[in-house]
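The values are calculated or read from the model by the stated rules, or taken from the named source; none is laboratory data. Just so we're clear, the structure is a prediction, and the values are computed from it rather than from any experiment. Using ideal geometry, Cβ is built from the backbone for each residue, glycine included, and neighbour counts are taken over all protein chains shown. For accessibility, only protein heavy atoms count, side chains too; no ligands or nucleic acids. Shrake-Rupley method; radii C 1.70, N 1.55, O 1.52, S 1.80 Å.
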Amino acid sequence: MSEARRERLDTPREERRKLVRRPAYNSDTFGVFAEQFARFMGTATFLIYMTLFVVAWMAWNTLAPPDLRFDRFPFIFLTLMLSLQASYAAPLILLAQNRQEARDRVIAEQDRQADARAHADMEFLAREVASLRMAVGEVATRDFLRSELRSLLSDLDERATQVEERAQSHDDGADEPSPGGP
C-alpha cells in the first residue's frame, strides 16, 4: 500500500487541477482589434477627440464650482488617465506592428518566390531565343535560294546548249557521205 502512494519514475504524473484557469481568447480576433485600435490612434480624428477630452477636463476642473471639480490643480488624475491610456496603447500598437511585420515577411517571401520563378522563366526564354537564332542562321533565306536556283538554271542552260551543239554536230556528221559510201 505504501508503494501505491509513492510516485513511480516510469509513469507520468497526473495533471494537477489549477485553481485559477487562464483566460482563453482568440489571438486573431485580439490582433484584429489591436490593428484597428492602432489605425484609429494614428488618425487626425483620434487627435481631435483626445484634444477635446483634455480641454474639457481642464476646463471643467478649472471653471466649474469648487465643489463639482473632481481633479484639482495640477491635474494629477488627468495625468493618471493619460498614462493609463498610453500604457494600453503602446502594447496594442506593438502587437499591430508585429502582425504587420509577419504579413510583410510572408509577402516578401511570396515576392521572392515569384521573382525566382520569373528569373527561371526569363533564363528559359533566353535559351529558347538563342536556339531559335541558331536555327534561323541555318535556314536558307529567300535571297540564298534565288541565287542557288539562278546558278542551277545557268548550269542547266549551259548543259542544254552543250547537248544541242553535240546533237547538231552529230547530225551534221550524218549528212556527209561516208568515205567508203555509195
Relative contact order of the chain (C-alpha contacts under 8 Å, at least 6 apart) in percent is 20
Just flag the trypsin sites (Lys or Arg not before Pro) in region 7-48 sitting in loop per DSSP whose Cβ has no more than 10 other Cβ atoms within 10 Å. R8, R13, R16, R17, K18, R21
Arrange the residues D155, D71 by how much accessible surface each exposes, largest first, with a 1.4 angstrom probe. D155, D71
Compute the signed sum of charges (Lys and Arg +1, Asp and Glu -1) over the other residues within less than 14 Å, Cβ to Cβ, of A56. 0
Evaluate the distance, in nm, between pseudo-label points positioned 7 Å from the Cα of D172 and of Q85 along their respective Cα→Cβ axes. 12.5
Rounded to two decimals, what is the ratio between the C-alpha radius of gyration of the chain and 2.2 N^0.38 Å? 3.17
Take the Cα atoms of region 91-174, build their convex hull, and give its volume per residue in Å³. 75
Taking the solvent-accessible surface of protein heavy atoms with a 1.4 Å probe, what is the per residue accessible area of region 57-182 in Å²? 86
1/(1 + (r/R0)^6) with r = Cβ-Cβ of V20 and V106, R0 = 45 Å, i.e. FRET efficiency to nearest 0.05, evaluates to 0.80
Which of these, I107, I93, I76, has the largest mean-square fluctuation under a Gaussian network model of the chain (Cα springs below 10 Å)? I76
Of G137, G42, G31, which is the most mobile in a GNM of the chain whose springs link Cα atoms less than 10 angstrom apart? G137
On a 0 to 90 degree scale, rounded to 10, what angle separates helix 142-175 from the longest Cα axis of the chain? 10
Give the angle, between 0 and 90 degrees and rounded to the nearest 10, that separates the Cα long axis of helix 44-63 from the longest principal axis of the Cα atoms of the chain. 10
Under the rule rounded for a/c under 1.5, else prolate if a/b exceeds b/c, else oblate, using alpha carbon gyration tensor axes a ≥ b ≥ c, region 2-54 is classed as prolate
Going by the alpha-carbon gyration tensor, a ≥ b ≥ c the square roots of its eigenvalues, is region 19-78 rounded (a/c under 1.5) or, if a/c is not under 1.5, prolate (a/b greater than b/c) versus oblate? oblate
Length gained when the stretch F124-T141 is fully extended (0.36 nm per residue, less Cα-Cα span): 3.4 nm
Could you identify which residue out of V32, V20, V55 has the top mean-square fluctuation in a GNM of the chain using Cα springs shorter than 10 Å? V20
Taking 2.2 N^0.38 Å as the expected size of a compact globular protein, what ratio does the Cα radius of gyration of region 56-139 give against it, to two decimals? 2.75
Which is the longest run of the chain containing none of the GluC sites (Glu not before Pro) found in DSSP loop states (not H, G, I, E, B) with at most 14 other C-beta atoms within 10 Å? 16-182
Classified through the alpha carbon gyration tensor (a ≥ b ≥ c as square roots of its eigenvalues; rounded if a/c is under 1.5, else prolate when a/b is larger than b/c, else oblate), region 1-108 comes out oblate
Hand me the chymotrypsin sites (Phe, Trp or Tyr not before Pro) from region 29-135 located in a DSSP loop with no more than 15 other Cβ atoms within 10 Å, in residue order please. F70
